[in-house]
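Engineer: What follows is a single structure, and I will ask about it in a moment.
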Amino acid sequence: MSNVTDGKLPDGNHLIDPNMSGDELVFFVNGIKITEKNADAEMTLLTYLRTKLGLTGTKLGCAEGGCGACTVMLSRYHPHLKRLIHYSVNACLAPLCSLHYCAVTTVEGIGSVAGKLHPVQERIAKSHGSQCGFCTPGMVMSMYALLRNNPTPCMADIEDAFQGNLCRCTGYRPILEGYKTFTKEGGCCGGMAKSNDCCMTDVNKTSGYLEDNVKGISELPAPLYNPADFQPLDPTQEIIFPAELMSLSKTQTRTQLRFRGERVVWLQPACLDDLLEMKAHYPNAKLVVGNTEVGIEMKFKNLLYPVILAPAYIPELYKIEHTDQGIVFGASCTLTMLGEELKEAVANLSPHQTGVFTAILEQLRWFAGLQIRNVAAIGGNIMTASPISDLNPVFMAAGCQLTLMSKAQQRVVIMDEKFFPSYRKTILTPEEILLSVLIPYTTKGQYFAAYKQSPRREDDISIVTSGMSVTFIEGTTVVKDLALSYGGMAATTVFAKKTASRLLGKQWGEGLLQDACSSLAEEMSLHPSAPGGMVTYRRTLTLSLFYKFYLTVQGKLASEGVSIERVRPDYASAIELYHQKMPSSVQIFQAVPEGQNQEDVVGRPMMHLSAMKQATGEAVYCDDIPLYENELYLCLITSTKAHARILSIDSSEAESMPGVVTCVFAKDIPGSNLTGPIFYDETVLAEDTVTCVGHIIGAVVADTQAHAQRASRAVRVTYEELQPVIVTIQDAITHQSFYEPVRTIQNGDVEQGFTQADHTLEGEMHIGGQEHFYLETNAIVAVPKGEDGEMELYVSTQSPSKTQCLVAKALGVPENRVVVRVKRMGGGFGGKESRSTILSTVVAVAAHKLKRPVRCMLDRDEDMLVMGGRHPFYAKYKVGFMKSSKVVALQVTYYSNAGNSMDLSLPIMERALFHMENSYRIANIWGRGYMCKTHLPSNTAFRGFGGPQGMLIAESWMTDVAMSLGLPTEQVRHLNLYRQGERTPYNQDLEHITLDRCWAECVEIAGYSARRASVDHYNRNHRWTKRGLAIVPTKFGISFTVAFLNQAGALLHIYTDGSVLLTHGGTEMGQGLHTKMVQVASRCLGIPSSKIHISETSTNTVPNTSPTAASASSDLNGAAVYNACEILLQRLEPYKTKNPKGCWEDWVTEAYFDRVSLSTSGFYKTPDIGYDFETNTGRAFNYWSYGVSCSEVEIDCLTGSHTNIHTSIVMDVGNSLNPALDVGQVEGGFIQGLGLFTLEELRYSPEGYLFTRGPGMYKIPAFGDIPTDLTVSLLRDAPNQKAIFSSKAVGEPPLFLAASVFFAIKDAISAARAESGLSGPFRLDSPATSERIRNACEDCFTKLCPPDQPGTFKPWAVVV
């Protein structure tokens, strides 16, 4: 295998002459012909589009085909299908060299703001489906590709098309709703644009979301948008496949193609004989069809394959043939082709023949995203030999036949346990290829099923997969043959052979089931340290999945009249296949007062100002800025050890590599190497010690990203490992490793409270961290200006001023020499508040050293490794309460995992303490918070800023109180709610409290009592699925808890044509802050919003700004904008008085000629703010935002999967400045919270290495995770006198409301535990993943798989 890794091109062979240049690559992009004479075999389509063609609309989100931001459409003439095909692909994986004779369509190719938007672009923008906009081009292209193939899809088609797309901002609902207007269900007529029958002219048809069945709301306002405004889809107007390409595709004979890169040669054989000849000469060459595996290996595993064979158009590899035994698929057939063919077979053949086909189709429903299925080949899936493959267990259980071929021979093998001899290995010889796969028919008396369990249902790798087949002796229930195949239970896909042989000859019944389970528990064992972890869960799944199979077969036998006991009705739901119901939603908000001027847009659902640009790919993000002529690219060098002394750094090999200009280390920093947002307790670049895996040691600067990344891997760092390595909170407690100060808030007499309480209980809980997963990773372009140490930085940051300050500190220049500009961010969520400054500083140092512009945009895996996330929390609590359930005393101790520096951990812990009682009045309370100093990358700000962690613990003990008393949780919560005028633990009186109103409305619109009765009825009648219901309040304090940050500035210029340029201190990251500020200025100045423009946020216009954080940006910046407008209006007042009939432009002109300044700055500081921890006095918050959420879920007790059935949210946002944006923030925050509490899990090794470094391993919510039925109501008639135009903050408060889903899951688990005789409080840590849910539903299966004793083994992953 030497030539797979040594990086040298094979030579001296007649197939490849080392001196021979490559062939010309011919393809089209947006209708324009591209002839590439030097196609690089390692370059992806995405890199080519962005760097060579300047088409930056297509975005890089993950580089592994997991987020869909890079989706484009490929079109080509398929010689074997004899027709044109259009399909969506991930441009980040698509090799440039695979595009010969293809037409590529990008988001820029289908419409533009200046020209005309395509209906797909227009509808996502106008339906408020684009917030930060970074995922939007990918969404647009996924939908566009679907419509090119099917102009009138159904909702199921849309959900299928979006399985490979992620969004972190919107919560998905507005995207689905906007695109529902294209569907049959949405009333789409199929493009009758030229007649009066077009559905878009009938508002009633398309206003499906204005459902009149929202309980308790008699009258709904106008919708957030009017579908009648949408232009109709006209399929006849789409881009035509280039005629020249059609002619080339049909007429030219296929010839061998050769593309040579710097390190890799790409060979495309013309026929099967060519391929076999090449494979004989290059036995270690990799075959690539979709590049969905090899692309990942070369990028992330640093593997190099010098020869790539691309059998793209070989007829034998695409052939599909029906035989007497089954269907034969050529190995290059894509998974999409496989699915289409099997669907047709299932429709046309007798059901007893299609058992395997049906099982494969069920697996394909959840196999990756559509973009991957469109290109990934069946052969590639088999040959990858992944032990967690979705399909290999099915192929094995079915006994598929594989035809293998080499130049010397052809042979047929059965796919069984011998086919995979070891991890990621098959029995093929290096010269052989997989030619085809025969998928057999099932026979009469044979029953077949396949199962997959993964953390997230959509587009996720499996935890355990299984294929199961049983054949009975004719007319009986006696087992004749049994195959049980499992993935995820060993280093290869395995058969449970012992169990299968034990069950032969037995009757299919209760006795067989018990034998099977005890045998499987013994045979399918895993070492407690097994890679992948979740050992108890995986072992339990092998039994649970077999039990599902057992019930399925029992049900089929009974339905066919075989003498066997029928499946108990209360067991039936265990075997129902999951079907996504069509989502429905309602949004309720206050209409603007009657008579409000049409030009006054405050309170109206105005579209995000950048939405159209984002939908066309024209919105410019940091990495979209055109390349400077002499620009260089930087890549970080990071530590591989969690705690070690650096003995030496050898960069000589890296510096001699192609394209490398220099390496940057601590010695190159001209100013100070100390940095940090509050305390200077960390370094820009490590000097002698590293304190986490991912600690930045230095950087490589080269001419391209690829060269910089390759060279960074060649830098050799020698370490001496140091002890202790503190990774978890428990490690920190053991070693007493804490940062100072330790904060405490106390009110009342806790000991006395416990004495007077009727009952006390104690508990503990752990809350996992969370990765920000902004779709745009951290990015920066640093441009030295050539004189006086000046530097201009284009950064994706929430803190322009802090970036300016820390860059100046590192460069050793005054802050007035550094200008930081922020146009927009592709998401922030707190992750770009303080940690982004580390990257900015490193890049600025490199640019300063070289006197050349330097760019860096982190890859997703780098960003996740280096940047930290939400603080994991652990808490211990003791609570005292009366028989009535009134809580009278609380003692709680919090521990947060701060990481290797303080960063913002202190204010985060303070906010957790400020929210330790959530929405409940407790007379005697004591809370203390410890920040754990560990060897992990520093954790940082994240939406909610410690509040959600503090409040989740509160809801945990509140649930414990209810469970211990046997009372309904909603009754206990409601009894303890704060009332008007009551005082918080930090001695601040609650004014204008709307909790009771929010609670009452939420109970009403959710139909709580009827829903509760329905859930209880369901649970009485279902054993293996249970439903749960919970209603949870939130009270979130608004202000920076550090007083000096509660200030903001604005700068307003009025130009002589009457147009207004507005700048303020806040940054735009999708939340619509710029849109709201334009609305504020529009109302203040009394001019249309179209006259006002915000270009960017920059430190040379508004200085000393606070970070865009704490949900306070609209309040602070809005008031500063208002102040600036008032000043200018005063200056214009004499001219308005003198010329009352004049217009805005007249007054501006007159003032200008009268030499009046038409420019001013505005300023605002929050009055009477500031709190003292020592004395427990002051005003910690300006006001509070309130909300209540009710959620219903259903769990599968056998697998731990859950479905979000319903959520109703009532949120007090005061008088909304923009209901569309505010509803978007509520929904987006809620879904992000849903991820935090039920799905997203960061997994670290005991040595502090992060395993979950991309969408492949780290799962944020997808389209299928949103509640099927979602109602969001913005509380009406609740003005807030403390903020601009009586509005309220909305960014962070809604996130915690997703705790209603967590506690609904806990409620469902309680119902499951009751079936096993378990009652009372139990511990459920967050997130409530499928593993935690299943393990908590204790039953006869979990008893057979007891967990190993902690401390007796080294776990694969630890809870940090």
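Engineer: Taking K and R as +1 and D and E as -1, what net charge do the other residues with C-beta under 9 Å from the C-beta of THR465 add up to?
Structural biologist: 0
Engineer: Tally the DSSP beta bridges in the chain and give the antiparallel ones as a percent, rounded to 5.
Structural biologist: 80 percent
Engineer: Roughly how many Å is it from the Cα centre of region 1058-1084 to that of region 309-323, as a whole number?
Structural biologist: Region 1058-1084 and region 309-323 have Cα centres spaced 57 Å from each other.
Engineer: Subtracting the Cα-Cα distance from 0.36 nm times the residue separation, let me have the gained length for ASN302 to THR35 in nm, one decimal.
Structural biologist: 93.1 nm
Engineer: Roughly how many nanometres apart are two label points built 7 Å out from the Cα toward the Cβ at PHE1163 and THR251?
Structural biologist: Result for the modelled spin labels: 7.5 nm.
Engineer: Moving to a separate point now. Go through region 953-968 residue by residue and turn each phi into a ³J(HN,Hα) via Karplus (6.51, -1.76, 1.60, θ = phi - 60°); whole Hz please, and just put x for glycine and proline.
Structural biologist: Calculated HN-Hα couplings, in order: 4, 4, 5, 5, 6, 5, 5, 4, 4, 4, 5, 5, 8, x, 9, x Hz.
Engineer: Then there's this: With r defined as the distance between the Cβ atoms of ILE733 and GLU762 and R0 fixed at 22 Å, what FRET efficiency is calculated, to the nearest 0.05?
Structural biologist: Once rounded, the FRET efficiency stands at 0.85.
Engineer: Of all the C-alpha pairs in the chain, what % are more than 65 Å from each other?
Structural biologist: 8 percent
Engineer: Further, regarding this structure: Which of TRP1184, GLN590, ALA706 sits closest to the plus end of the dipole of the chain, meaning its Cα is farthest towards the positive end, when Lys and Arg get +1 and Asp and Glu get -1 on the C-beta?
Structural biologist: ALA706
Engineer: Here is a follow-up. Based on Cβ point charges of +1 for Lys and Arg and -1 for Asp and Glu, what charge dipole magnitude is obtained for the chain about its Cα centre, in debye rounded to the nearest 20? Don't jump to the answer; show the numbers that get you there.
Structural biologist: On the way: 121 positive and 140 negative charges, 167 e Å.
Roughly 800 debye, rounded to the nearest 20.
Engineer: Compute the distance in nm between two label points, each set 7 Å from the Cα along the Cα-to-Cβ direction, one at ARG1276 and one at ALA114.
Structural biologist: 4.6 nm
Engineer: Something else now. Given the pairs LYS180/LYS613; LYS319/LYS418; LYS452/LYS1035; LYS37/LYS116, which span a C-alpha to C-alpha distance of over 31 angstrom in this model?
Structural biologist: Correct reply: LYS452/LYS1035; LYS37/LYS116.
Engineer: What net charge do the residues around THR170 carry, taking every other residue with its C-beta under 11 Å from that of THR170, with Lys and Arg at +1 and Asp and Glu at -1?
Structural biologist: Residues near THR170 contribute 0 overall.
Engineer: What net charge do the residues around CYS805 carry, taking every other residue with its C-beta under 14 Å from that of CYS805, with Lys and Arg at +1 and Asp and Glu at -1?
Structural biologist: Summing Lys/Arg as +1 and Asp/Glu as -1 gives +1.
Engineer: Here's a follow-up. Estimate the FRET efficiency between ARG411 and GLU344 by the formula 1/(1 + (r/R0)^6), using the beta-carbon distance for r and 30 Å for R0, to the nearest 0.05.
Structural biologist: After rounding, the FRET efficiency stands at 0.50.
Engineer: Express in whole angstrom the spacing between the alpha-carbon centres of region 729-754 and region 42-93.
Structural biologist: Answer, in whole Å: 53.
Engineer: Let me ask something else. Among HIS759, HIS1053, HIS707, what's the order by accessible area (1.4 angstrom probe), most exposed first?
Structural biologist: From most exposed to least exposed: HIS759, HIS1053, HIS707.
Engineer: Straight-line reach from LYS1026: which lysines have Cα under 19 Å away, leaving out those fewer than 8 places along the same chain?
Structural biologist: In chain and number order, the partners are LYS548, LYS581, LYS1306.
Engineer: Which whole-angstrom value gives the distance between the alpha carbon centres of region 910-964 and region 812-856?
Structural biologist: Their Cα centres are 33 Å away from one another.
Engineer: Let me ask you something else. Which pairs in the list LYS480/LYS556; LYS126/LYS1091; LYS785/LYS1076; LYS59/LYS809 are over 22 Å apart, alpha-carbon to alpha-carbon? Before the final figure, lay out the partial values.
Structural biologist: Numbers: LYS480/LYS556 17 Å; LYS126/LYS1091 20 Å; LYS785/LYS1076 34 Å; LYS59/LYS809 33 Å.
In this structure, LYS785/LYS1076; LYS59/LYS809 lie more than 22 Å apart at Cα.
Engineer: Straight-line reach from LYS849: which aspartates and glutamates have a Cα under 16 Å away, not including same-chain ones fewer than 8 places off?
Structural biologist: Excluding near neighbours in sequence, the set is GLU631, GLU655, ASP668, ASP703, GLU787, ASP788, GLU790, GLU792.
Engineer: Provide the per-residue ³J(HN,Hα) series for region 505-517, in order, calculated from phi with Karplus coefficients 6.51, -1.76, 1.60 and θ = phi - 60°, each as a whole number of Hz, with x at glycine and proline positions.
Structural biologist: For region 505-517, the Karplus-derived couplings read x, 9, 6, 6, x, 3, x, 4, 4, 5, 4, 4, 5 Hz, x marking Gly and Pro.
Engineer: Projecting each Cα onto the charge dipole of the chain (Lys/Arg +1, Asp/Glu -1 at the beta carbon, about the Cα centre), which of PHE773, PRO455, PHE134 comes out farthest on the positive side?
Structural biologist: PRO455
Engineer: Picking from VAL620, GLN325, LEU275, whose Cα lies most toward the positive end of the charge dipole for the chain (charges on Cβ: Lys, Arg +1; Asp, Glu -1)?
Structural biologist: Of the candidates, GLN325 comes out farthest on the positive side.
Engineer: Please work out how much accessible surface ILE646 shows to a 1.4 Å probe, ignoring ligands, DNA and RNA, in Å² rounded to 10.
Structural biologist: For ILE646, solvent-accessible area is about 20 Å².
Engineer: Where the only charges are on Cβ atoms (+1 Lys, Arg; -1 Asp, Glu), what is the dipole of region 852-913 about its Cα centre, to the nearest 20 debye?
Structural biologist: The dipole of region 852-913 has a size of about 460 debye.
Engineer: Another question, if that's okay. Taking 7 Å along the Cα-to-C-beta vector as the label spot, tell me the SER1090-ASN816 distance in nanometres, rounded to one decimal.
Structural biologist: Label at SER1090, label at ASN816, 4.2 nm between them.
Engineer: Still on this structure, I have one more. Can you tell me the length gained on complete extension of the stretch SER656 to VAL562, counting 0.36 nm per residue apart and subtracting the Cα distance?
Structural biologist: 26.3 nm
Engineer: Which whole-number percent gives the relative contact order of the chain, counting Cα pairs below 8 Å spaced six or more residues apart?
Structural biologist: 11 percent
Engineer: About the Cα centre of region 695-745, how large is the charge dipole given +1 on each Lys and Arg Cβ and -1 on each Asp and Glu Cβ? Please answer in debye to the nearest 20.
Structural biologist: In debye, rounded to 20, region 695-745 gives about 200.
Engineer: Evaluate the relative contact order of region 976-1128 (contact order divided by residue number), counting alpha-carbon pairs under 8 angstrom at least 6 apart; express in whole percent.
Structural biologist: Averaging sequence separation for qualifying contacts and normalising by length gives 22 percent for region 976-1128.
The values are calculated or read from the model by the stated rules, or taken from the named source; none is laboratory data. Note that the structure is predicted; figures quoted are calculated from it, not measured. Cβ atoms come from the backbone with ideal geometry, glycine included; neighbour counts cover every protein chain shown. Side chains are part of the model used for accessible areas, which takes the heavy atoms of the whole protein and leaves out ligands, DNA and RNA. Shrake-Rupley method; radii C 1.70, N 1.55, O 1.52, S 1.80 Å.
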